[in-house]
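Let me begin by presenting the structure, written as structure tokens, before commenting on it.
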Amino acid sequence: MTDKILVTRSSMPPIEEYIEMIKPLWDSHWLTNMGMYHRELESRLRVFCQVEQASLTANGHMALELAIQSMNFPKGSEVITTPFTFISTTHAIIRNGLVPVFCDIRDDYTIDVSKIESLITENTVAIVPVHVYGNICDVEAIEKIAYKYDLKVIYDAAHAFGETYKGKNVAAYGDVSVFSFHATKVYNTIEGGLVCCHSKEQYDKLYNLKNFGIRSEELVVSVGANAKMNEFQAAMGICNLRHLKGEIEKRKNVVEEYRRQLMGVKGIRLNVMSPDTEYNYAYMPVLCDSREQRDRLYSGLREHNVFPRKYFYPLTADAACFKNKYKEVELSKARDISGRILVLPLFADLENDKVEYICNIIKRLLTGIEVL
Ligand SMILES: *Cc1c(COP(=O)(O)O)cnc(C)c1O
């Protein structure tokens, strides 16, 4: 029996490196309010993501919520989105006074673009797709539909930080792309978020929304929340950004080991990798043949101190708090996949022998042979 292997483990820089970074904060006593690290990280991320503008926030959810708010949609407007995501995506829409219209998904777990048009009504204002597990949505088709019907596109790119699609950083897609830098993500600022956008005007709107609309000591230009990233978060982000490439390389090795071990194993299907995407190896999803298999793997692994997660089960559309509140739509594929999906532990320092240990349990559980 090994020590607990959780689904993820936060990346951290060497402690000395972080301490060196935060020492100046004890000199300046400037802990937040767009300090030097906030400004430095925004500028580094603009370069890293190859985007015109990048606005840091306290967390990924606020980045998403404020990105949607910055579009000034009329209350009650409809937003087409996926139910196969973290609850944050759906909450961000609803908390803006908008109505989520759920669309089914494809085999790669992202929104089924062939079903979007039939969901568009005169009240539709936007599409909020998600690059699930770092699988990039059909961005070209989404762009075409958005152009044809004059809709905004807000990508929840929380899973896709650092990825490129057809040679272009994913941050460039849509009217805005939103990232989460939560402790559990590939790249973290402890808690944090980022909105990437194409204009200074959009950046200023986000700035006002994250800082009470305050432009100067005596000038408040609009109603805003407080969603600023503080200096300790930004310092963590600057350190972690230095190590990101190495972390992704290590994750890649872990994923390759998993795939070697699990390739061709009957009863599960591995994520289909697209040659157009340079991955960040954020997650290790496996799709089981049946719900019973999935639940057997889930509890069987837990009995051996391995803690996979059912991301994303249930669908956000089926969350207890939305029961019977939104239009009933056909989500057969999303519901089916949600019942069969399991995400295995994956982090940069997960050793090969641990991966082998996990895979051996899976193989034995799938063949029904008792694991001792
Ligand atoms: C993590 C995540 C979020 C929310 O980000 P936080 O930083 O935790 O607020 C939103 N959407 C998806 C798909 C996520 O995985």
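The values are calculated or read from the model by the stated rules, or taken from the named source; none is laboratory data. It should be emphasised that the depicted structure is a prediction, and the values quoted were computed from it without experimental measurement. Note that we place each Cβ from the backbone using ideal geometry, even for glycine, and neighbour counts take in every protein chain shown.
Among the residues of segment 63-77, the one identified as surrounded by fewer than 21 Cβ atoms within 10 Å (Cβ to Cβ) and touching an Asp or Glu at 6+ places or on another chain (Cβ under 9 Å) is Met71. How about segment 204-232: which of its residues are under 20 Å from Tyr37 (Cα atoms), away from the ligand (no atom under 16 Å from the Cβ) and of a type in the set (D, E, K, R)? Result: Asp204, Arg215, Glu231.
With away from the ligand (no atom under 16 Å from the Cβ) and either small (Gly, Ala, Ser) or touching a residue at least 12 places away in the same chain (Cβ under 8 Å) (or both) as the only criterion, which of Lys245, Lys266 stands out? Give the derivation first.
Numbers: Lys245 fails: either small (Gly, Ala, Ser) or touching a residue at least 12 places away in the same chain (Cβ under 8 Å) (or both).
When all the criteria are applied, what remains is Lys266.
Assess whether Ser88 counts as being more than 17 Å from Ser177 (Cα to Cα) and either within 16 Å of the ligand (Cβ to nearest atom) or of a type in the set (Ser, Thr, Tyr) (or both). In short, no. Which of the residues spanning segment 29-39 are out of contact with any helix residue (DSSP H, G or I) (no Cβ under 6 Å at 6 or more places or on another chain), assigned to a helix (DSSP H, G or I) and in contact (Cβ under 8 Å) with a residue 24 or more places away in the chain? Hit for segment 29-39 is Met36, nothing else.
Starting from residues that are outside any helix (DSSP H, G or I) and of a type in the set (Val, Ile, Thr), keep the ones in segment 216-240 and report whichever is surrounded by the fewest Cβ atoms within 10 Å (Cβ to Cβ).
Kept after step one, since they are outside any helix (DSSP H, G or I), are these residues of segment 216-240: 216-230.
In the following step, the residues that additionally are of a type in the set (Val, Ile, Thr) were identified as 220-221, 223.
Working: Val220: 14, Val221: 12, Val223: 10.
Of everything passing the filter in segment 216-240, Val223 is surrounded by the fewest Cβ atoms within 10 Å (Cβ to Cβ).
Taking residues in segment 135-156 that are modelled with pLDDT under 95, and partners anywhere that are in a loop (DSSP other than H, G, I, E, B), not one pair has Cβ atoms closer than 9 Å while being at least 6 places apart or on different chains.
Report yes if some residue within segment 56-69 is closer than 30 Å to Gly300 by Cα and not charged (D, E, K, R); otherwise report no. Explain how you work it out, then say what you get.
Filtering segment 56-69 for residues closer than 30 Å to Gly300 by Cα gives none.
No; the residues of segment 56-69 include none that is closer than 30 Å to Gly300 by Cα and not charged (D, E, K, R).
Of everything in segment 190-234, what is over 22 Å from Ile154 (Cα atoms) and under 15 Å from the mean Cα position of the chain (by Cα)? Give them in sequence order. The one that is over 22 Å from Ile154 (Cα atoms) and under 15 Å from the mean Cα position of the chain (by Cα): Ile190. When segment 314-332 is limited to residues that are within 21 Å of the chain's Cα centre (by Cα) and surrounded by fewer than 20 Cβ atoms within 10 Å (Cβ to Cβ), the one that is nearest to Glu247 (Cα to Cα) turns out to be Pro314. Filtering Arg44, Arg9 for residues that are surrounded by fewer than 18 Cβ atoms within 10 Å (Cβ to Cβ), within 16 Å of the ligand (Cβ to nearest atom) and either more than 26 Å from Asp156 (Cβ to Cβ) or not polar (S, T, N, Q) (or both) leaves a single hit, Arg9. Within segment 167-184, residues that are more than 12 Å from Asp156 (Cα to Cα) sit with their Cβ atoms under 8 Å from residues that are more than 14 Å from the ligand (Cβ to nearest atom) and in a strand (DSSP E or B), at 6+ positions apart or across chains, in these pairs: Ala172/Cys196.
For segment 255-264, the candidate set comprises residues that are in a helix (DSSP H, G or I), more than 20 Å from the chain's Cα centre (by Cα) and not charged (D, E, K, R); within that set, the residue that is surrounded by the fewest Cβ atoms within 10 Å (Cβ to Cβ) is Gln261. Total residues in segment 302-313 satisfying the condition of being free of Cβ contacts under 8 Å to residues at least 40 places away in the same chain and within 17 Å of the chain's Cα centre (by Cα): the figure is 2.
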